[in-house]
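The block underneath contains the structure these notes are about, expressed in structure tokens.
The values are calculated or read from the model by the stated rules, or taken from the named source; none is laboratory data. Predicted model, so just to flag it, every value in this text is computed and none were measured. Neighbour counts are summed over all protein chains in view; Cβ atoms, including those assigned to glycine, are modelled from backbone coordinates with ideal geometry.
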Amino acid sequence: MKKRNTVFILGIFSILVLIAAQLIIIRGVWEQKDEMLYFRYRSLSQDAVASLRGRGSTDVFDTVRFILRAYSEQVVKELPGIKDTVKLNEKKKEIFNYCSKVLNQEQDLSEYLSKYLESRGFDKNFNHKIEIINLAIIDSDTTIIFQSEPFRSGRPPDRSGYETALKESKSSILVNRYHREDNNYTLDFNYFIDFSDKRRLILRETSASLGMSIFSILVVVIIFLVTYKNLMEEKRLSNLKTDFINNMTHELKTPLATITVAGKTLEMEKIRADDSKILSTAKLIGKQSIHLNQLINMILEISMWERTQFELDRKNVDIEEIMNDIVNSFKSGCGNCAELSQKYTFSGKKADVDVVYFTTMINNLLSNAVKYSDKDPVINVEGYAEDKNFLISISDNGIGINKSDQKHVFDKFYRASSGNIHKYKGLGLGLYYVRKIAEAHGGNVNVSSKPGKGSIFTITIPY
């Protein structure tokens, strides 16, 4: 158990390391694509502005200039009459908001950039943002409405604007800084473009790398799970085989020991002088020899079934008749060892079955019902025809089977146990034979059971 846990933990740890490495690689690729996208669109947008300047006919802010000129002429008349500081600050805020609104709504640069990007084969959908960094109203005196910190500090315009944009958001790209002066105002502002679906653009470019990373992780995880499952299955089969060898050794030793003791008994002079004792000892030897031969034949059958599928000698028989014969023979053979009841509704239908193997299959289930019972066995055998199948159920009042054991009870050598202790003798082959025989007839077998409540085995055989 400790070794199994160690293998599992090491495997999980290795997968986590692989995932972490892949995430680091993906993150690096993502950041690289992010930087490339930023500089690509910044270069394109600045080329567009340079191209616009080269045309000389317009700077696409003509409407803005006209509106702000008229507005500044009005504001110049109002500001000198405001002496209260609070009202003056409110007026400055009003002027700032109005100018910002006009800049964003009345400019035509966004439309021009969109067409320019589309003509170059790039994504044309973006949001724009205009950021005022200096606004002042000029009359006989200059009234500062707003100044950003970089502008007040006197840093170079282009450099400070670029650093500010880069620091604020990698998705916001500074296109250009503009300076406007008129009779009554001076204005400096930055024009940004912002790709709100930037992640989609990056994802599209990194989809191949991302897909390969995810695929490789899934392949490694699947291989690990399959390998671990096979390892556990091999371990389970190894334990079952070891258990089988131990049980078979014990089963073989019992008749051999009895035969040995009986042989030594026959060497005793007083036994040889009594014909009745000689006869009883000989019968004991014969009985144990038959049991030993059955065990050997069982081992040979296992080997045969492993190599090839056994062939059925099918005969068309009345299924109800053969069931009555099997159950009645079992009841008399075990000396009325159980309370047995039968109920069949086969309606006289017949089936092609191998009588010998079919009998072995039913007898194994009846024997288990008696064997795995901690009280007087009560067995109910029922059968009926449904959808071109015979269904035969054998229920008992035995010890039952745990849910975890139910999916393995038909496996070769498997024996339900409590811990490592098997209370009842056996080789773990009875139910394995039942399943093999049912499947050889084209049917199947399943079990329903609760510990302490008994079990119900249902065989399905087509007719």
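Here are some notes:
- Among the residues of the stretch 189-202, the one identified as modelled with pLDDT of 70 or more and surrounded by fewer than 20 Cβ atoms within 10 Å (Cβ to Cβ) is ASP194.
- The one condition in (1) over 30 Å from HIS441 (Cα atoms); (2) at pLDDT 80 or above; (3) not polar (S, T, N, Q) that LEU252 fails to fulfil: (2)
- Qualifying residue in the stretch 203-226 (condition: surrounded by fewer than 19 Cβ atoms within 10 Å (Cβ to Cβ) and at pLDDT below 65): no
- Tally, over the stretch 336-364, of residues that are loosely packed, with under 13 Cβ neighbours inside 10 Å, under 16 Å from VAL378 (Cβ atoms) and at pLDDT below 85: 2
- Of residues in the stretch 105-122 being in a helix (DSSP H, G or I) and surrounded by 14 or more Cβ atoms within 10 Å (Cβ to Cβ), the one farthest from the chain's Cα centre (by Cα): GLU106
- Some residue of the stretch 384-398 being assigned by TED's automatic domain parsing to the domain that holds GLY454, in contact with a Lys or Arg (Cβ under 9 Å, 6 or more places away or on another chain), in a loop (DSSP other than H, G, I, E, B) and at pLDDT 85 or above: yes
- Filter result (loosely packed, with under 15 Cβ neighbours inside 10 Å, among the β-branched types (Val, Ile, Thr) and more than 20 Å from the chain's Cα centre (by Cα)) within the stretch 8-50: ILE24, ILE25
- Among the candidates GLU131, GLU94, GLU90, GLU118, the residue that is touching a residue at least 12 places away in the same chain (Cβ under 8 Å) and not aromatic (Phe, Trp, Tyr) is uniquely GLU131.
- Test: residue in the stretch 22-41 that is within 19 Å of ILE132 (Cα to Cα) and hydroxyl-bearing (Ser, Thr, Tyr): no
- Among the residues of this structure, SER45 does not count as one that is touching a His at 6+ places or on another chain (Cβ under 8 Å) and of a type outside the set (Asp, Glu).
- Flag: PHE126 matches the condition of being surrounded by 15 or more Cβ atoms within 10 Å (Cβ to Cβ) and at pLDDT below 85.
- Test: residue in the stretch 366-381 that is on the phi > 0 side of the Ramachandran plot and modelled with pLDDT of 85 or more: no
- Residues of the stretch 299-323 that turn out to be among the hydrophobic types (A, V, I, L, M, F, W, C) and modelled with pLDDT of 65 or more, as a count: 7
- Qualifying residue in the stretch 45-54 (condition: within 25 Å of LEU203 (Cα to Cα), modelled with pLDDT of 75 or more and among the hydroxyl-bearing types (Ser, Thr, Tyr)): yes
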